[in-house]
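Student: Dumping the structure here so I can ask a few things about it.
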Amino acid sequence: MPTGKLIKLVHLSQQRCVPSARLVPDHNDKGYGIIEDAEGRDVYFSHEVVENRHGFDALRKGQQLEYALENAPYLRAASVKIAKAVPALALKPAA
């Protein structure tokens, strides 16, 4: 799976309420995000494709994410999950 850095995250429940709109904001984990891939391209994803139910709320800007691309006319992720951290090499003290 390719990996990329999360550069934008929008929670729809945190958007400004518009009095004339018929939509009522509810506090949930809905929204979308944009991942920057290795070539610097933007990959869009919806809250619906994030792994596990509360996965979207756990995302933070700057995190490394793993994703699979959907067959679409633009770059869109079919699944997204937080990339596993690569363990750091243990350094030995100088003798």
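The values are calculated or read from the model by the stated rules, or taken from the named source; none is laboratory data. Fair warning: this is a prediction, and the values are worked out from it, not measured in the lab. Positions of Cβ are backbone-derived with ideal geometry, glycine not excepted, and every protein chain shown enters the neighbour counts. To get the accessible areas, we keep the full protein, side chains included, count just its heavy atoms, and leave off ligands, DNA and RNA. Shrake-Rupley method; radii C 1.70, N 1.55, O 1.52, S 1.80 Å.
Student: Go through the stretch 30-50 and count every residue that is open to solvent by less than 20 Å² (accessible area, probe 1.4 Å) and either farther than 14 Å from TYR74 by Cβ or acidic (Asp, Glu) (or both).
Tutor: The qualifying residues number 4.
Student: Search the stretch 1-49 for residues being among the hydrophobic types (A, V, I, L, M, F, W, C) and closer than 15 Å to LEU69 by Cβ, and hand back the single one that is modelled with the lowest pLDDT.
Tutor: Among residues in the stretch 1-49 that are among the hydrophobic types (A, V, I, L, M, F, W, C) and closer than 15 Å to LEU69 by Cβ, the one modelled with the lowest pLDDT is MET1.
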